[in-house]
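The values are calculated or read from the model by the stated rules, or taken from the named source; none is laboratory data. Treat the numbers as computed from the prediction; the structure is a model and nothing was measured. The protein model used for the area step is the full one, side chains on, heavy atoms only, and it has no ligands, DNA or RNA in it. Shrake-Rupley method; radii C 1.70, N 1.55, O 1.52, S 1.80 Å.
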Amino acid sequence: MIGNNFDTLIKIVRAGGTIDRQWSTENKTKVAYRFEKYRTVINASNVVGIVEGTDKKDEYVFVTAHYDHLGMRNGLIYYGADDDGSGTVAVIQMAEAFQKAANEGNRPRRTIVFMTVSGEEKGLWGSEYYSDHPFYSLDKTTVNLNIDMIGRVDTERTSADTLNYVYVIGHDKISSDLPVINEGANNKYTKLVFDYKFDDPNDQNRIFFRSDHYNFAKKGVPILFFYDGML
Ligand SMILES: [Zn+2]
């Protein structure tokens, strides 16, 4: 395609020069393509644990995080401790706490579904699969609380009084009740600083679209996404 000018062009590029239109030529030639398409089927799982509710047990609160990361690239293992081992551990800890409470006679009113999903890094696959094949009606799924990357502190936060924070995303996009419930519970118990700087779907980082809650939001399920930022 570059033709006889190839060596000259390489010299220009190596010398730090630029290649502009004067080098473009038009040639007509026949080209043959040969390609083969491969398809590899790999099985992955979403892992689900349930704590059954009481008077509203036919409504479902989903708590999610993704347990996959990037795997191995060029001999390097990408462990994903923050993304999203941190969220996965949070889901497991909450499942344990809610089960302990249930054992002691303190069940939640709604059924809580703790779901860790796979394939997030490939394009939110696990949550997409679930939202296309839900085993509880999505109409009865009152909220998805998704957690992704809560294992470190945003580099913009440097002093002690700014560290006790979490970014909250999507809080008022589908339900107007949810912001009130979320703020209320936080003011009463957790007392974190809620930072809404990534909340706007039009934010250039597009965080609203970038983790598993999005597949619930797409189907009309209210979502809250909790996140501590990227380096
Ligand atoms: Zn992630």
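Observations on the structure shown:
- Computed with a 1.4 Å probe over protein heavy atoms only, the accessible area of ASP58 comes to about 100 Å².
- Ordered by 1.4 Å accessible area with all protein chains kept, GLU26, GLU52 run largest first as GLU26, GLU52.
- Relative compactness, the range 151-231, computed as alpha-carbon Rg over 2.2 N^0.38 Å: 1.11
- Residue-wise HN-Hα coupling along the range 22-27, computed from phi with Karplus coefficients 6.51, -1.76, 1.60 (Hz; x: Gly, Pro): 4, 8, 7, 10, 10, 10
- Span-like helix ranges in the chain, DSSP H, alpha carbon extent 20 angstrom or more, Kyte mean at least -1.0: 86-103
- Karplus (6.51, -1.76, 1.60) ³J(HN,Hα), θ = phi - 60°, over the range 209-221, in Hz, Gly and Pro reported as x: 9, 10, 9, 5, 4, 4, 5, 6, 4, 4, 9, x, 7
- For the range 142-152, backbone phi angles converted through the Karplus equation (6.51, -1.76, 1.60; θ = phi - 60°) give residue-by-residue couplings of 7, 6, 10, 9, 10, 10, 8, 6, 10, x, 8 Hz, Gly and Pro being listed as x.
- P(r), alpha carbons of the chain - 10 Å bins starting at zero, rounded %: 7, 25, 28, 14, 11, 9, 5, 2, 0
- The heavy atoms of ILE50 present about 80 square angstrom of accessible area, all protein chains included, probe 1.4 Å.
- Sequence-distant residues sharing a close amide H with VAL63 (under 5 Å, placed H): VAL113, PHE114, MET115, LEU145
- Listed by chain and number, the lysines whose C-alpha is less than 28 Å from the C-alpha of LYS56, apart from same-chain residues fewer than 8 away, are LYS100, LYS140, LYS173, LYS188, LYS191, LYS218, LYS219.
- Measuring only protein heavy atoms, the 1.4 Å probe finds THR116 accessible over about 20 Å².
- Whole-Å distance, taken between Cα centres, linking the range 187-218 and the range 124-179: 6
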